[in-house]
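Before any comments, here is the structure.
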Amino acid sequence: MRTFTTIQSLQEWRKSLPKGKTLGVVPTMGALHLGHASLLETSARENDFTLATIFINPTQFNQSSDFEKYPKTFEADLAMCEKYGADAVFAPKDANEIYPDHFQYRVSEHQFSNELCGEFRPGHFEGVLTVVLKLLNLAKADHAYFGEKDHQQLTLISGMAKAFFLETKIIPCPTVREDSGLALSSRNLRLSAAEKEIAPRLYQVISTILDVIQAKEELTRLGFRVEYLIDKPETTGRRRYVAAWLGDVRLIDNVRI
Ligand code: PAF
């Protein structure tokens with residue numbers, strides 16, 4: 001497995017890949033877990049080559065403390081990429097590599113990005129969409145893999161790819177859960193032992209208590225601080241989105257109901 005820290009070395013590798021072979025890209029911020037492993041495995045199965053990117057994107061953190069606390073497990077991440085089928089990893093060392101424009105140019109969306117997580121994390125999706133567009137432009141991949149756990153992010157990235165006629169196809173991948181139901185997330189690493197006991201109740205409550213008010217009350221009783229719990233219609237059926245805090249860890253999840 002090759003590791004690149006500069007755009008130039010990534011682009012040289014990209015150009016060296018044989019014509020007619022497919023490339024899948026798995027964008028990540030590191031702190032990889034089995035959810036990322038399933039994205040890598042899917043990409044490796046569906047493509048001739050797989051590129052993982054590891055970049056803790058500063059522009060998507062609306063609080064600098066959240067950015068600073070983001071778990072950093074780089075050596076373990078590289079081992080995980082190799083184990084689950086990546087041929088190369090792009091891990092820029094410095095934000096200037098990705099933002100030579102100092103974030104002067106940005107991608108924004110003016111509807112769904114202001115709802116749910118966007119309402120509570122102003123600017124978050126502008127940072128996400130901007131970095132993803134940059135990474136997709138660099139990777140020139142046939143397919144890009146994103147988890148359904150971040151369903152709002154996935155929807156906005158798919159919308160951006162369509163709006164800007166990107167040639168990379170966005171592939172949604174199912175949320176990976178512990179046996180308890182807890183959705184795998186890099187943020188779970190920051191839960192205390194006691195919080196880890198309570199955390200699985202988030203999924204259990206949102207998937208079993210259909211009344212929104214009752215579900216919120218139950219989560220509050222269990223010790224969560226609910227940021228939002230909202231049901232939204234989809235083409236068929238509805239999806240329920242939740243964000244809730246346990247101590248200083250913010251968990252998100254979503255289910256079809
Ligand atoms: O989901 C993530 O890890 C990040 O938001 C992403 C898509 C890698 C962009 O930084």
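Please treat every number below as a calculation from the coordinates, not as lab data. Keep in mind that what you see is a predicted model, and the values were worked out from it rather than measured. All Cβ positions, even for glycine, are placed from backbone atoms using ideal geometry, and neighbour counts span all protein chains on display.
Rounded to the nearest 500 deg cm²/dmol, what is the calculated helix-only ellipticity per residue at 222 nm for the chain, with -39500 (n - 2.57) per DSSP H run of length n ≥ 4?
Helix contribution divided over all residues of the chain: -11000 deg cm²/dmol.
Considering only the chain, what is the antiparallel percent among its DSSP beta bridges, to the nearest 5?
So the antiparallel bridges amount to about 45 percent of the total.
Could you pull out every one of the aspartates and glutamates with an alpha carbon less than 15 Å from that of LYS162, ignoring same-chain neighbours closer than 8 positions?
GLU109, ASP142
Projecting each Cα onto the charge dipole of region 38-143 (Lys/Arg +1, Asp/Glu -1 at the beta carbon, about the Cα centre), which of PRO92, ALA139, CYS81 comes out farthest on the positive side?
In region 38-143, that residue is PRO92.
Show me the trypsin sites (Lys or Arg not before Pro) within region 17-49 that DSSP assigns to loop and that have at most 10 other Cβ atoms within 10 Å of their Cβ.
Here the trypsin sites (Lys or Arg not before Pro) that fit, given the DSSP loop and packing criteria, are LYS19, LYS21.
By the gyration tensor of its Cα atoms, with a ≥ b ≥ c the square roots of the eigenvalues, what is the shape of region 1-104: rounded for a/c under 1.5, prolate for a/b over b/c, or oblate?
oblate
When only Cα pairs under 8 Å and 6 or more residues apart are kept, what is the percent relative contact order across region 59-128?
54 percent
Using a 10 Å cut-off on Cβ atoms, rank the peptides 159-168, 49-58 from the highest mean neighbour count down.
Per-residue mean Cβ counts within 10 Å order the peptides as 49-58, 159-168.
Find, to one decimal place in angstroms, the Kirkwood hydrodynamic radius of the chain, where the mean of 1/r is taken over every pair of different Cα atoms and then inverted.
By the Kirkwood definition, the hydrodynamic radius is 19.0 Å.
By how many degrees, 0 to 90 and rounded to 10, does the Cα axis of helix 212-222 deviate from the longest principal axis of the chain?
Tilt of helix 212-222: around 90 degrees.
Need the C-alpha centroid separation for region 176-225 versus region 100-160, integer Å.
Measuring centre to centre over Cα atoms gives 26 Å.
Arrange the following residues from fewest to most other Cβ atoms within 10 Å of their Cβ: ASP48, ASP150.
Ranking ASP48, ASP150 by Cβ neighbours within 10 Å, fewest first, gives ASP48, ASP150.
Using alpha carbons only, how many degrees (0 to 90, rounded to 10) separate the axis of helix 7-16 from the longest principal axis of the chain?
Rounded to the nearest ten degrees, it is 70.
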